[in-house]
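The values are calculated or read from the model by the stated rules, or taken from the named source; none is laboratory data. Everything numeric here is computed off the predicted structure, so don't read it as measured data. Cβ placement follows ideal geometry from the backbone for every residue including glycine, while neighbour counts extend to all protein chains displayed. Calculation scope for accessible area: heavy atoms of the full protein, side chains included, ligands and nucleic acids excluded. Shrake-Rupley method; radii C 1.70, N 1.55, O 1.52, S 1.80 Å.
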Amino acid sequence: MIRFTMLPGEDGDCLLLEYGDDTFIRRILVDGGRSGTYPLVKPTLAGLDGLVDVLVVTHVDQDHILGVLALLDDPDRAVEFGDVWFNGFDHLLDTEGFGAQDGEKLTSLLLEQKVPWNDSFGGRSVEVGRELAWFDDGSTMDVLSPDRAQLERLAPAWVKECARHGLIPGRDPDEIPPVPGFEHFGGVNVDQLAASVFKPDTSKTNISSIGLLFEFEDKRVVLTGDADDRRLVASIRPLAEAEGGRFHVDVLKVAHHGSDHNLSNELLDLIDCDRYLISTSGARHDHPNEIAIARILKHGGAEKELVFNYRDRAAMWDDARLKDRFGYTVTAPERDAEDGFIGFEL
């Protein structure tokens, strides 16, 4: 059994992966979304028997980490963690110990609360090529991103970026900047959009995102955070070549909420994917980008499902003509269900 739940993270990620059989169940929580969505997520966490085996904090951007800070700050939180995977400042440099530069709030909370931190990696960084201790339960977990060079690229700018952009503040910005409306007149030209030149993400924080490949009972789930497309291509290419050109994936969490800077046709041509997950409300950055979705429609396989955890993000793609032409279905929360939640089993 593999059960996947997309939880409300506003414009960010909050994802719960559960797996097991009649004898055990394990839980992996990936990111926490915005702090304001933690009250919506808390009841789900309260039903998890008190333990999340692994909490993955993919990187330090607000839309991934603030909900985690709210969770750790909650004196009545319902879960503890078997391990937390998070690359702090010293992990970027691959050094030991945590000094004065590690004033970021998550680092402080993990140390103060003595939460297990990167124990699966011997306390060192989560990165491609690092030996990983994983559960002996028939499942596997592999790191797809980041690599050592990407972590080191972030290190010199870490303190400056945190101060300038408020990557780990104690609260969300007071107001959400306006973004263009998700409304379009006339048809979407998928072919033209999909052919757009790929321009990779240049964010230092995004390229440090932890990306993972999870396998259990012949099912594969790729979790990307906001990972660098080029790093994902480099990790997945040899897997695809070993399977004759395309690597079958049951679930791909689309990187950076469907940004066109984090999903290339090159990556899509390496995988044969059944489900593409779009995790965002569209606030702040109006994700997903039309170009990214068009690339999925054109290059994402003959038959696929697009899963959105917010209804209005799905609306323009729930088009019978497009679905028939490009071979896809759309799944989103029902109108009478709470927005932000969507779940399924593999």
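Give me the pairs, please: first residue somewhere in segment 234-255 and of a type in the set (Ser, Thr, Tyr), second residue anywhere and assigned to a loop (DSSP other than H, G, I, E, B) and open to solvent by less than 60 Å² (accessible area, probe 1.4 Å), beta-carbon distance under 8 Å, and either six or more positions apart or on two chains.
Matching pairs, first to second residue: Ser235/Val128.
In this structure, is Gly301 modelled with pLDDT under 95 and either farther than 21 Å from Ser281 by Cβ or among the basic types (Lys, Arg) (or both)?
Yes, satisfied.
Given the conditions (1) open to solvent by 10 Å² or more (accessible area, probe 1.4 Å); (2) free of Cβ contacts under 8 Å to residues at least 40 places away in the same chain, report the number of the one that Asp229 does not fulfil.
(1)
Looking at this structure, is Asn265 touching a strand residue (DSSP E or B) at 6+ places or on another chain (Cβ under 6 Å) and of a type outside the set (Phe, Trp, Tyr)?
For Asn265, the condition - touching a strand residue (DSSP E or B) at 6+ places or on another chain (Cβ under 6 Å) and of a type outside the set (Phe, Trp, Tyr) - is not met.
Please enumerate the residues belonging to segment 275-286 that are assigned to a loop (DSSP other than H, G, I, E, B) and either crowded, with 24+ Cβ neighbours inside 10 Å or among the hydroxyl-bearing types (Ser, Thr, Tyr) (or both).
Hits for segment 275-286 are Ser279, Thr280, Ser281.
Those residues that are touching a helix residue (DSSP H, G or I) at 6+ places or on another chain (Cβ under 8 Å), part of a helix (DSSP H, G or I) and among the basic types (Lys, Arg), I need them from segment 298-324; list them, please.
Passing the criteria: only Lys298.
Which one of these does Ser35 not meet: (1) buried (at least 24 other Cβ atoms within 10 Å of the Cβ); (2) touching a helix residue (DSSP H, G or I) at 6+ places or on another chain (Cβ under 7 Å)?
Just one mismatch for Ser35, condition (1).
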